[in-house]
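Novice: What follows is a structure written as structure tokens; I'll ask about it next.
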Amino acid sequence: MSVTSINRGGEVTIRDLSKSFPIAGRELAVLRSLDLDIRSGECLVIVGASGSGKTTLLRILAGLEAADNGTVAIDGRKVEGVGAERAVIFQEPRLLPWLSVLGNVAFGLEVRGVPKPEAEERARFYIALVGLAEFADAWPRQLSGGMAQRVGIARALTVQPGILLLDEPLGALDAMTKISMQEELARIWSEENVTMVLVTHDLEEAIYLADRVLILPKEKGGAARLISIDLPRPRDRSESHFVRYREGLLREFGLH
Amino acid sequence: MTLQHMERPVGIGTHEGTERIGAGGLGMDFQRLTVRTTVRIISRYGVLVGFLALWQAAASSGWVNAAVLPPVDMIVAALWKGLAGGSLLGDIAISLQRAGLAFAAAVIIAIPLGLVMGQVRAVETALDPILQLFRQTSALALYPVFILLLGLGEASKVFVIFWATLFPLLLNTISGVKEVDPKLLEMARVYGARRLTVFRRVVLPGAVPSIFVGLRLGATTALLLLIASEMIGANKGIGFQVMNAQYNFQIPLMFAAIVILAALGLIANQVLVSLQRRLCRWNDPVS
Ligand SMILES: Nc1ncnc2c1ncn2[C@@H]1O[C@H](COP(=O)(O)OP(=O)(O)OP(=O)(O)O)[C@@H](O)[C@H]1O
Ligand SMILES: [Mg+2]
């Protein structure tokens, strides 16, 4: 069975997007008329200070949150609610504890009406892709944090989305696991031909994975900035250009 | 089962075990396993056996009044007579029928109702005040009312048990449904799950452990109310036998009936525990 597909990445067009939340009786503007084009198949990484609206932006793209103003369109179609061309990977794995690894990974497809045998066959492919073939029958509570997160990633990949939305997917992992998972994400992204939008706090992770980095401003009136990372892949964290990008990003945050 | 028996293999096992592993230490392993099992049995049932032994000694040596606390062997004899002779079997049957009927009716009503109440805000809002009122009113206090309404026969007995069993079942089912992790619900939504699918695949399995808490509490409550109802206006049943034997000063028989009640409680609980194990293997730390 061949499950890798030709370019199925989606193109995202964000126009004049605004969102505010009422906090303590006042309207807190989180996103202020944001314009952004995400190219099909690109890896866009969103960084920004805590509270700058990274999660909010991702949730709007996912269709879990409605914008106050402006539009999001995917391949020209306006986003209203969740959609089959998008999958979300949260900071926590969010596995169903009563399903095995296989059951969890097949869950997305089954919910979409794919017959169980077919769903499980495809699930097995992606379980193997994230390196957990031997754990297909394990229960979630028997997995380490990194393994559980990989199950969550496999579940998202199994529905073969055009756009993969990830909110600090590696945020809870230890440094070693994190680095190997970053390599895995880079590999999956290039093999699966998917548009990836990833939120992270980790600048090194951003440079390692991104085609472009979007920096969300913290203070009112600041503008979002886009930085292209023009480095060949696979990338080398210790290489001088990589280090220079890192210093540049630190400077953006006023930390250098 | 003596201390010597326990200690010897432990001592040798730790010494020689290392050398013997390569040379087929099967006998050793087996011995160690037996020792471990013995230790486990002692640590689990030691206090219970001690309690029974103390009782026996106290009653047969005259420390306590044997007419009030008869020795264990007399209770066992009365129990054996009642069971093997068949005189208590009819009581067990009628008690099981009352409690079983009431428990089954409570399950059939409380679980579906609880699932709906936990899911549909409007239903819960509407039913919660009356539920709280009923819950806070002791079922025993209502028993005279049920007797007035349903007569002193089977109906009022089954109904009072049913009534008391309903609440732990209902409340635990509701909280099981409401406490399902909203992050899991959101995950299911992201994959496009519709409401019924979310209910079937996320809410319901997530509520099962809590429903079992309700079932076990309900079983305990059912037995409790069974006894209470059989102490008033019954002429058959284990609860009746406890009262009747005490009245006729057949103290061993009274204790025999109490032992049967305890056994029924233990069996009911054990059945539910093993059912839960089977249904919730994902949750079970030993498997
Ligand atoms: N559902 C909500 N209701 C009210 N306020 C919210 C809600 N979601 C987010 N906010 C507010 O919006 C702002 C941005 O939140 P968001 O979670 O998008 O930040 P973030 O960039 O993801 O931060 P972090 O890096 O800490 O995850 C915060 O000030 C937060 O208080
Ligand atoms: Mg966030």
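The values are calculated or read from the model by the stated rules, or taken from the named source; none is laboratory data. Here the structure is a predicted model, which means the values were calculated and not measured. For neighbour counting, all protein chains shown are included, and Cβ atoms are generated from backbone atoms with ideal geometry for every residue, glycine included. Heads up: the accessible areas ignore ligands, DNA and RNA and are worked out on the full protein's heavy atoms, side chains in. Shrake-Rupley method; radii C 1.70, N 1.55, O 1.52, S 1.80 Å.
Novice: Select, from A:Thr195, A:Thr158, A:Thr200, the only residue that is in contact (Cβ under 8 Å) with a residue 12 or more places away in the chain and farther than 24 Å from A:Leu226 by Cα.
Specialist: One residue alone meets the criteria, A:Thr158.
Novice: Output the number of residues of the range A:103-140 satisfying the condition of being part of a loop (DSSP other than H, G, I, E, B) and over 25 Å from A:Ser190 (Cβ atoms).
Specialist: Final tally of qualifying residues: 7.
Novice: Does the range B:241-252 hold any residues that are in a helix (DSSP H, G or I) and open to solvent by 40 Å² or more (accessible area, probe 1.4 Å), and which are they?
Specialist: Once the filter is applied, which keeps residues that are in a helix (DSSP H, G or I) and open to solvent by 40 Å² or more (accessible area, probe 1.4 Å), the range B:241-252 yields B:Met243, B:Asn244, B:Gln246, B:Tyr247.
Novice: Among all residue pairs at least 6 apart or on different chains, which show Cβ distances below 9 Å where the first residue, located in the range A:216-230, is within 16 Å of A:Leu198 (Cβ to Cβ) and among the β-branched types (Val, Ile, Thr) and the second is open to solvent by less than 80 Å² (accessible area, probe 1.4 Å) and part of a loop (DSSP other than H, G, I, E, B)?
Specialist: If the second residue must be open to solvent by less than 80 Å² (accessible area, probe 1.4 Å) and part of a loop (DSSP other than H, G, I, E, B), the pairs left are A:Ile227/A:Ala210; A:Ile229/A:Ala210; A:Ile229/A:Asp211; A:Ile229/A:Arg235.
Novice: Collect the residues in the range A:27-54 that are at pLDDT 90 or above, within 11 Å of ligand 1 (Cβ to nearest atom) and charged (D, E, K, R), keeping them in residue-number order.
Specialist: A:Lys54 - this is the single residue of the range A:27-54 that is at pLDDT 90 or above, within 11 Å of ligand 1 (Cβ to nearest atom) and charged (D, E, K, R).
Novice: Same structure, new question: Could you tell me which of the residues B:Leu185, B:Leu166 is in the same structural domain as B:Ile227 (by TED's automatic domain parsing), open to solvent by 30 Å² or more (accessible area, probe 1.4 Å) and either of a type outside the set (D, E, K, R) or in a helix (DSSP H, G or I) (or both)?
Specialist: Of B:Leu185, B:Leu166, the one residue that is in the same structural domain as B:Ile227 (by TED's automatic domain parsing), open to solvent by 30 Å² or more (accessible area, probe 1.4 Å) and either of a type outside the set (D, E, K, R) or in a helix (DSSP H, G or I) (or both) is B:Leu185.
Novice: So, one more: From the list B:Ser156, B:Ser175, pick out the single residue that is of a type in the set (S, T, N, Q), within 30 Å of A:Arg59 (Cα to Cα) and more than 14 Å from chain A (Cβ to nearest Cβ).
Specialist: On inspection, the qualifying residue turns out to be B:Ser175.
Novice: Scan the range A:57-69 residue by residue and report those that are away from ligand 2 (no atom under 16 Å from the Cβ) and either open to solvent by 40 Å² or more (accessible area, probe 1.4 Å) or within 14 Å of chain B (Cβ to nearest Cβ) (or both).
Specialist: Passing the criteria: A:Gly63, A:Ala66, A:Asp68, A:Asn69.
Novice: Pull up the range A:163-184, narrow it to residues that are buried (at least 24 other Cβ atoms within 10 Å of the Cβ) and more than 16 Å from ligand 1 (Cβ to nearest atom), then point me to the one that is nearest to A:Gly254 (Cα to Cα).
Specialist: The extreme case among them is A:Leu164.
Novice: Counting only residues that are touching a Ser or Thr at 6+ places or on another chain (Cβ under 8 Å) and at pLDDT below 90, which one in the range A:5-26 is nearest to ligand 1 (Cβ to nearest atom)?
Specialist: Out of the qualifying residues, it is A:Gly10.
Listed here are the residues, each with its yes/no results for (1) in contact with a Lys or Arg (Cβ under 7 Å, 6 or more places away or on another chain); (2) more than 16 Å from ligand 2 (Cβ to nearest atom); (3) open to solvent by less than 60 Å² (accessible area, probe 1.4 Å).
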site: A:Pro22; (1), (2), (3): no, yes, no
site: A:Val30; (1), (2), (3): yes, no, yes
site: A:Arg39; (1), (2), (3): no, yes, no
site: A:Ser52; (1), (2), (3): yes, no, yes
site: A:Thr55; (1), (2), (3): no, no, yes
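Novice: Looking only at the range A:90-100, which residues are in contact with an Asp or Glu (Cβ under 7 Å, 6 or more places away or on another chain) and either over 17 Å from B:Leu279 (Cα atoms) or facing another protein chain (nearest Cβ under 7 Å) (or both)?
Specialist: Result: A:Phe90, A:Gln91.
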